[in-house]
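The values are calculated or read from the model by the stated rules, or taken from the named source; none is laboratory data. What you are looking at is a predicted structure, and each value in this text was computed from that prediction instead of being measured. Quick reminder, even Gly has a Cβ in these numbers, built from the backbone with ideal geometry, and neighbours come from all protein chains shown. Accessible surface areas use protein heavy atoms only, side chains included; no ligands, DNA or RNA. Shrake-Rupley method; radii C 1.70, N 1.55, O 1.52, S 1.80 Å.
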Amino acid sequence: MTIDARFDYVIVGAGTAGCVLAARLSEDRTTRVCLLEAGGPARHPFIHVPALVGAAIAHRGLTWGLHTEPQTALNNRRVPLPRGKVIGGSGSINGMAYHRGQPKDYDDWAAAGNAGWSWQEVLPYFRLSENNADLRDVDVHGIDGPIHVTYIPKPNRLNQAFLDAFAALGEYRHCNDFTGLDPEGYGLRQGTIHRGRRDSTASALLLPALCRPNLTVLTRSAALRLRIEAGRATGVDVSAATGGHVVLASREVLLCAGAIHSPQLLMLSGVGPAQHLESLGIKVKADLAGVGANYHDHPAVPIALEMRDTTSYGLSWRTLPRALWNVAEYALTRGGPLASNVFESTAFIRSSTGADRPDVQIAFQPARRNPHAFPLPLGHGFAMSVVNLYPHSRGEVRLASSDARVAPRVNPNILTDPNDCAPLLRGLRLARQLCDAPAFAPYKATEVRPGRGTRSDAELQAYLREATATVHHPVGSCRMGNDPMAVVDPTLCVRGIAALRVVDASVFPSIVGGNTNAPIVMVAEKAVDLITGRTLRGRHGG
Ligand SMILES: Cc1cc2nc3c(=O)[nH]c(=O)nc-3n(C[C@H](O)[C@H](O)[C@H](O)COP(=O)(O)OP(=O)(O)OC[C@H]3O[C@@H](n4cnc5c(N)ncnc54)[C@H](O)[C@@H]3O)c2cc1C
């Protein structure tokens with residue numbers, strides 16, 4: 001390996017978090033920043049056209065192609081683990097839905113020993129990145145940040161049926177603001193879309209920063225391991241098309257490779273459970289039992305309906321002229337159905353009276369869910385994903401090899417905790433009630449999954465085992481805290497190793513009750529202040 005360059009900060013992974021750090025740290029033109037990304041540039045149209053999100057997720061050139069280990073509670077199925085391998089990371093292939101979770105989630109983080117992470121303390125960092133076109137209450141929302149957030153201008157008509165079906169039940173309230181102080185109920189949801197294109201941390205933060213001479217972005221450059229000398233991170237060994245390189249960091253190495261690859265890289269570098277590392281012949285630099293542990297994600301199960309009616313998004317012979325018009329409309333105006341991420345309405349509800357916050361999400365999709373035709377949206381119908389927002393099951397990431405090119409073993413242990421099924425079952429029954437509501441009657445849709453014959457608790461339990469997957473929000477595998485199983489402290493520094501922080505989904509102590517992208521942007525924005533020693537007030541110059 002040749003030593004190629006020295007920087008103040010070397011950031012590993014240009015995903016949701018890494019792009020924030022690279023852009024913000026390089027604002028100071030005297031600071032030399034290097035951003036390493038295993039994937040290539042974010043040029044593919046599947047990334048940018050919101051309605052092509054399914055095609056982006058399925059594109060092998062944009063993802064790592066990972067699966068879980070066989071899941072014992074899911075009939076030994078291997079569940080797909082899509083992760084972006086491209087500039088923007090998973091933020092370049094995600095569903096663009098904009099949520100923050102519940103305020104109480106962050107108060108729980110603080111109560112678990114993470115000083116500085118309560119809702120009141122993190123709220124300013126949510127606002128910092130946000131540019132909300134519709135919700136202008138500046139106490140809660142950012143209106144001049146870099147990432148554009150908006151409702152879908154013309155949601156599909158089926159969303160109204162979803163909202164009317166909820167209203168007709170009379171038990172739930174309408175929610176105007178799913179990122180406000182009380183995100184509970186049903187309503188339309190916002191997405192990170194700007195002028196008909198995906199707005200990720202790559203497009204909104206990194207792209208405008210690329211012209212800075214003090215920022216170096218190396219694509220198709222995979223970190224093999226972190227260099228740790230005398231208990232201090234000094235740089236990164238990198239494999240690129242041009243061969244092996246070393247990039248050195250005089251201040252800090254910032255690990256932003258996500259909830260699967262950050263623990264992998266720590267373990268490859270000798271930071272992790274000693275016994276596991278020794279079994280693979282890796283020299284232990286810090287015996288941290290928590291590395292790779294506490295991995296968890298939102299489990300979800302679908303209810304899917306098909307119909308002859310063509311109101312939904314989707315392709316069929318009968319709608320071919322409309323589809324051609326939609327392509328022209330998008331090309332000319334950046335509007336129409338192609339400018340929608342399809343995830344246009346949702347609900348956050350409590351599955352039991354004892355729940356202290358909404359613990360189930362029902363995400364509505366006005367499109368046929370057809371796993372066989374995926375990613376092409378063939379045919380018509382609609383679907384709801386029922387999500388358990390606070391699963392108890394915990395899994396782990398472990399090395400399969402000391403060779404960095406071999407994918408790690410990911411075992412989330414989905415639904416192994418018996419408490420995880422009940423919210424899904426209650427949510428599934430409610431979703432079916434919604435589908436049966438008069439609001440959906442004009443569409444004459446037929447339930448194909450789980451199917452009308454699946455009714456009893458035992459049958460629905462069996463369906464959970466057959467159909468549960470996740471909604472791609474893995475967190476927690478380098479958990480923040482101040483107990484022996486914590487990997488980073490509340491300033492995100494790796495315990496026992498100097499000049500090394502982890503800044504990504506893996507530091508979440510526990511999953512939040514909503515989609516994870518905006519919370520990770522918040523973590524990265526806060527990390528910038530922790531790294532530079534500035535305060536939020538200082539960043540606004542006041
Ligand atoms: C299919 C899908 C749909 C989703 N939908 C939504 C949604 O609608 N709303 C929402 O809020 N959230 C959503 N999420 C979740 C959200 O996008 C992720 O939680 C978030 O992007 C994770 O950010 P991160 O910075 O932790 O990791 P990532 O964004 O995954 O970034 C990690 C980066 O590190 C790179 N990397 C990994 N290993 C190495 C290495 N050895 N060397 C160099 N680079 C490396 C990766 O290639 C990647 O670019 C979705 C996620 C997926 C996958």
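For this structure, a couple of remarks:
- Spherically averaged projected area of the convex hull of Cα atoms, the stretch 36-112: 7.8 nm².
- Percent RCO, i.e. relative contact order, over the stretch 32-121, from Cα pairs under 8 Å lying at least 6 residues apart: 23
- Rounded to 0.05, the FRET efficiency of the residue 210 and residue 318 pair, given R0 = 35 Å and the Cβ-Cβ distance, is 0.20.
- Net +/- balance of residues flanking residue 349 in space, Cβ distance below 15 Å, scoring K and R +1, D and E -1: +2
- Whole-Hz ³J(HN,Hα) from phi, Karplus 6.51 cos²θ - 1.76 cosθ + 1.60, for the stretch 126-135, glycine and proline x: 5, 5, 4, 8, 8, 10, 8, 6, 10, 9
- From helices alone, the chain scores -7000 deg cm²/dmol at 222 nm; the rule is -39500 (n - 2.57) for each run of n ≥ 4 DSSP H residues, then divide by the residue total.
- Taking Cα centre as origin and charging only the Cβ of basic (Lys, Arg, +1) and acidic (Asp, Glu, -1) residues, the dipole magnitude of the stretch 350-415 rounds to 100 debye.
- For residue 449, the solvent-accessible surface computed with a 1.4 Å probe is close to 70 Å², ligands and nucleic acids excluded.
- The length gained by stretching the chain between residue 407 and residue 137 to full extension, at 0.36 nm per residue less their Cα-Cα distance, is 92.8 nm.
- Net +/- balance of residues flanking residue 278 in space, Cβ distance below 15 Å, scoring K and R +1, D and E -1: +2
- Dimensions of the stretch 430-496 from C-alpha coordinates, computed as largest minus smallest value along each principal axis and given longest first, are 61, 27, 15 Å.
- Rounded percent of accessible protein surface that carbon and sulfur make up, the chain, 1.4 Å probe: 53
- Averaged over its residues, the stretch 469-542 has an accessible area of 29 Å² per residue, based on protein heavy atoms and a 1.4 Å probe.
- Segments 460-471, 326-337, 292-303 sorted - mean Cβ within 10 Å per residue, highest first: 292-303, 460-471, 326-337
- The chain - Rg over Rh from alpha carbon coordinates, Kirkwood radius: 0.96
- Computed over protein heavy atoms with a 1.4 Å probe, the accessible surface of the stretch 221-360 works out to 38 Å² per residue.
- Each peptide in 75-82, 86-93 gets a packing score, the mean of other Cβ atoms within 10 Å over its residues, and the list from highest to lowest is 86-93, 75-82.
- Where the stretch 172-212 is the region considered: accessible area per residue in Å², 1.4 Å probe: 41
- Across the stretch 171-330, the fraction of Cα-Cα pairs farther apart than 29 Å, rounded to a whole number, is 52%.
- Per-residue SASA entry for residue 203, accessible area with 1.4 Å probe, Å² rounded to 10: 40
- The residues neighbouring residue 174, those whose beta-carbon lies less than 13 Å from its own, together hold a net charge of -3 under the Lys/Arg +1, Asp/Glu -1 convention.
- Residues listed by number, the stretch 205-219, amide nitrogen under 18 Å from residue 30 label point at 7 Å toward C-beta: 213-215
- For the stretch 112-178: rounded, prolate or oblate by the Cα gyration tensor [a/c cutoff 1.5]: oblate
- Remark: relative contact order (the chain) = 22 percent; criterion is Cα-Cα distance under 8 angstrom and separation of 6 or more residues.
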